[in-house]
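S.K.: Got a structure for you, questions after.
The values are calculated or read from the model by the stated rules, or taken from the named source; none is laboratory data. Keep in mind the model is a prediction, meaning the values are calculated, not measured. No Cβ is skipped: glycine too gets one built from the backbone with ideal geometry, and neighbour counts run over all protein chains shown. The protein model used for the area step is the full one, side chains on, heavy atoms only, and it has no ligands, DNA or RNA in it. Shrake-Rupley method; radii C 1.70, N 1.55, O 1.52, S 1.80 Å.
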Amino acid sequence: MTGKRIQPSDAKLEITQIKSYVGQKQNMRDTLRSLGLKRPGNTVTRTADPVTCGMVNTVAHLVKVEEVK
């Protein structure tokens, strides 16, 4: 799952930053920091609530999303 069009649910999401934010707009840098991602390769686990889904959809081209079982 590349990240675009993530829908809110009760699932847990494992979000991994795969690209650097260098050259991106400031709002995308701020979104990555809000998700807890600092550098490529970092991974965080978050619930798929509407706020998290919106942030992931904003930076979909910089992250990889997997559903945790």
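S.K.: Among 18-24, 31-37, how do they line up by average Cβ neighbours within 10 Å per residue, starting with the highest?
M.R.: Top of the packing list down: 31-37, 18-24.
S.K.: With no solvent and one point on each alpha carbon, what is the Debye value of log10 I(q)/I(0) for the chain at q = 0.12, 0.14, 0.22, 0.27 Å⁻¹?
M.R.: -0.24, -0.33, -0.85, -1.29
S.K.: Further question on the same structure: Suppose all protein chains stay in the model; what accessible area per residue would a 1.4 Å probe give for the chain, in Å²?
M.R.: On a per-residue basis, 63 Å².
S.K.: While we're looking at this one, here's another question. Determine the share of the chain's accessible area contributed by carbon and sulfur atoms, expressed in whole percent, with a 1.4 angstrom probe.
M.R.: 49
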